[in-house]
Amino acid sequence: MTDPRNAPFGAVLLADVARATDVDPDYPDATDGEGAGARDFHLVRRHFDIRAFGVNGITGNTGDEMVEPHDERDDEQNLTDGHEELFAVMSGHAVFTVDGVDVDAPAGTLVFVRDPALVRSARATADGTAILAIGGRAGAPFAVSRWERAWFP
């Protein structure tokens, strides 16, 4: 197959997209044990060299922290950019917590967080859970996020 970074289109199984710790074993995200029973963080934007929006995938099993508690305020120290985020539960089941409110999210659920200041997180409640996380800054041209530039130049 053609290199997905410059092909006019592409398709890949999420499991075949490089994980953050495959690229940088010292990546400090909440991925302790990644690849050994904990959730896996897949670098989808980087895989396809998407230049219009940020997108990554997370896979895990029952009890795994899929989305670490975080906000997306425009904060250089925390490597965040003021993004809105959309989470699509592709398989399995998760419970999101957004601003202290639990959101039950079986496969097919979309969870949208408009306010970058709200703390959001998710935990898998079923084996084989996969979430696609899409984000960007409202009203601004796309730029690779601070955390990605810092960890995966």
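The values are calculated or read from the model by the stated rules, or taken from the named source; none is laboratory data. This is a predicted model, so every value here is computed, not measured. So basically every Cβ, Gly included, is an ideal-geometry build from the backbone, and we count neighbours across all protein chains shown. Areas reflect the complete protein model, heavy atoms only, side chains present, ligands, DNA and RNA absent. Shrake-Rupley method; radii C 1.70, N 1.55, O 1.52, S 1.80 Å.
Brief remarks on what is shown
- With a simple spin-label model that places each label point 7 Å from the Cα along the Cα-to-Cβ direction, the separation between ALA107 and GLU68 comes to 2.9 nm.
- Computed with every protein chain present, the accessible area of PHE53 is close to 90 Å² [probe 1.4 Å].
- Global geometry of segment 90-141, whether rounded, prolate or oblate, following the gyration tensor of its Cα atoms and the 1.5 cut on a/c: oblate
- Accessible-area order (highest first, 1.4 angstrom probe) of the listed residues ARG45, ARG19: ARG19, ARG45
- Sites listed here are GluC sites (Glu not before Pro) in segment 60-151 whose DSSP assignment is loop and whose Cβ has at most 13 other Cβ atoms within 10 Å: GLU76.
- If you run the Gaussian network model on the chain, springs between alpha carbon atoms under 10 Å, then out of PHE112, PHE96, PHE87 the most flexible one is PHE112.
- Accessible surface for LEU132 stands near 40 Å², nearest 10, in the context of the full protein assembly shown (1.4 Å probe).
- Charge tally in the Cβ shell below 14 Å around VAL111, where Lys, Arg are +1 and Asp, Glu are -1, VAL111 excluded: -4
- Note on ASP75/ARG5: beta-carbon distance plugged into 1/(1 + (r/R0)^6) with R0 of 30 Å gives a FRET efficiency of 0.55.
- Extension gain from PHE53 to ALA150, taking 0.36 nm per residue of separation minus the Cα-Cα distance: 33.2 nm
- Ranked order, ASP24, ASP3, ASP127 - accessible area, probe 1.4 Å, largest first: ASP127, ASP3, ASP24
- Carbon + sulfur, % of accessible area of the chain - ligands and nucleic acids excluded, 1.4 Å: 52 percent
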